[in-house]
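One structure is given below, encoded as structure tokens.
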Amino acid sequence: MYSGMTKSALEWQIKIRKFVDNELIPWEVHAEKNSGNLPSDIEKKHSDIAIKLGLPGMGISKKEGGLELSMFEQMIIWEQLGRVTNALCWCFSEAQDWMEENFTPFQKENYLYPLLKGEKKECYAITEKGSGSDVNGSIKTTAELIDGNYIINGEKWYVTSANKADFFFLQAKLKNGKNKDQHALFIVDKHLEGIELIDTPEFTHTFSHHHCIYNFNDVKIPSNCIIGKEDDGMAYTHSWFRHERLGIAARCCGAAERLIFEATKFAKDREANGTKIKDFQLIQSMLADSVTELAATRVLLFEICKEHDNQTDVKILHAKCSMIKLYASEMANRVADRAVQIFGGRGYMRENVAERFFRELRADRIWEGTSEIQRIIIANSLYKRGLENLI
Ligand SMILES: Cc1cc2nc3c(=O)[nH]c(=O)nc-3n(C[C@H](O)[C@H](O)[C@H](O)COP(=O)(O)OP(=O)(O)OC[C@H]3O[C@@H](n4cnc5c(N)ncnc54)[C@H](O)[C@@H]3O)c2cc1C
């Protein structure tokens, strides 16, 4: 129990925990053995439950059809969803507050509301072959304004969920006009002419959501598909990063909680040399370190969520989202490593939750900015804004 818990957040925690325990976790091993896929009726059931709960619009205002939950409540939900492996919690698309703030009426009608109703799914195309950590500097994809349309050219890598999506959020550099070389963010329908799936690489985890490589060759999109102002693309991507970094941190806390729970249960039951392994002090040490690190991470996570809800200066918040993404992802990886160790040989079996999380959590130190990039953001913020603003 977190000391800042509200009644509403507690109700959400209980509700989502039940959804995860009763509906999602029972399908993990099936997903693991079937390339991440579930029977279509089960997949639909999960998605229907999530939509009925209102999860696609958890941060969207009530007037736009969302739940208008605080960031604190949203992360309470994502923490519970993080307890399940194989990305089975990605059974809904999440509309985010920056979309509500910046979409035009046309974009709300055609993309935001369908996301809320589960009628459309989105994916994010930012990374390229030569541009990962250095999003700002090295993106090569261009958008050229010709006769009222933007013409998109480029290749995007690792587009998560692109195999299930209806449209991309695509970041490109403007090729002409007064904002030449600035970054813009576009909505690009996936069925448009000139969009080609180049590859679906295999990754360490077993997810039905692929991380595809797409080519955009003279793709023509109407000018009403640009989000906000032409030169604000990077700002929207930063808003998305902040949200995702908090979400990753919350899911890492959920994963760590599940791992500690399962490893403790196993340690209480398992005997070696006629002794329950829970009584070995080296096992106790691994559990004690794990639970202590998780407790510390949760406090920091929910403090930062409250700062978000109290509208802390966005630049300070940006660094704090990096802090918690860095800390929580590294914590969860340590906890997963210890859990595998506690389970012994069983911890190396794919049907074991520790084995799956051990592989899955590794990406959390890479995507949405690597641990090194988070450290750079934090250090720069320390120099610019001072220690007193970061702690
Ligand atoms: C499974 C998966 C899903 C993904 N999904 C998406 C998605 O949906 N959309 C999307 O746009 N992208 C996505 N990505 C891309 C992801 O965000 C990038 O992989 C990540 O930002 C790192 O970029 P990179 O792979 O090009 O590594 P690089 O930038 O080439 O980095 C390589 C190494 O150098 C280090 N490094 C780089 N710069 C510095 C520096 N200045 N100082 C110190 N060290 C540095 C990095 O930390 C890393 O260790 C996904 C990636 C993966 C693995």
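Brief remarks follow.
- Here the stretch 94-117 and the stretch 147-190 have alpha carbon centers that stand 17 Å from each other.
- Value of relative contact order over the chain, rounded to a whole percent, pairs C-alpha under 8 Å and six or more apart: 15
- Most mobile of 191, 209, 243 in a GNM of the chain (Cα contacts under 10 Å): 191
- Solvent-accessible surface of the stretch 122-226, taken per residue with a 1.4 Å probe and all protein chains present: 45 Å².
- Note on residue 291 and residue 164: the model spin-label points, each 7 Å out from Cα along the C-beta direction, lie 3.4 nm apart.
- When the Cα gyration tensor is reduced to axis lengths a ≥ b ≥ c, the ratio a/c is 1.5 or higher for the stretch 145-263, and with a/b not above b/c it is classed as oblate.
- Most to least accessible of 28, 293 (protein chains only, probe 1.4 Å): 293, 28
- Taking the helices alone, the chain has a mean residue ellipticity at 222 nm of -15000 deg cm²/dmol, built from -39,500 (n - 2.57) per DSSP H run of at least 4 residues and averaged over all its residues.
- A Förster radius of 35 Å, combined with the Cβ-Cβ distance separating residue 312 from residue 272, puts the computed FRET efficiency at roughly 0.10.
- Per-residue SASA remark: residue 98, around 0 Å² accessible (1.4 Å probe; ligands, DNA and RNA not included).
- Over the stretch 234-389, accessible surface divided per residue gives 47 Å², non-protein components excluded, 1.4 Å probe.
- Residue-span extension gain [residue 198 to residue 45] - 0.36 nm each, minus C-alpha spacing: 51.9 nm
- For the stretch 7-117, accessible area per residue (1.4 Å probe, heavy atoms of protein chains only), Å²: 41
- The magnitude of the dipole of the chain, with charges of +1 and -1 set on the Cβ of Lys/Arg and Asp/Glu and taken from the Cα centre, is near 740 debye.
- Inter-label distance, nm, simple model (7 Å from Cα along the C-beta direction), residue 349/residue 5: 3.3
- The chain: most fluctuating residue of 199, 189, 147 per GNM, C-alpha cutoff 10 Å: 147
- The GNM of the chain, with springs linking C-alpha atoms under 10 angstrom apart, assigns the highest mean-square fluctuation among 126, 146, 378 to 146.
- FRET efficiency for residue 146 and residue 391, using Cβ-Cβ distance with R0 set to 51 Å, rounded to 0.05: 0.50
- Split the accessible area of the chain by element, probe 1.4 Å, and carbon with sulfur accounts for 51%.
The values are calculated or read from the model by the stated rules, or taken from the named source; none is laboratory data. What you are looking at is a predicted structure, and each value in this text was computed from that prediction instead of being measured. Glycine also receives a Cβ, built like all others from the backbone with ideal geometry; neighbour counts cover every protein chain displayed. Accessible surface is based on the protein model in full, side chains and every heavy atom, while ligands, DNA and RNA are left aside. Shrake-Rupley method; radii C 1.70, N 1.55, O 1.52, S 1.80 Å.
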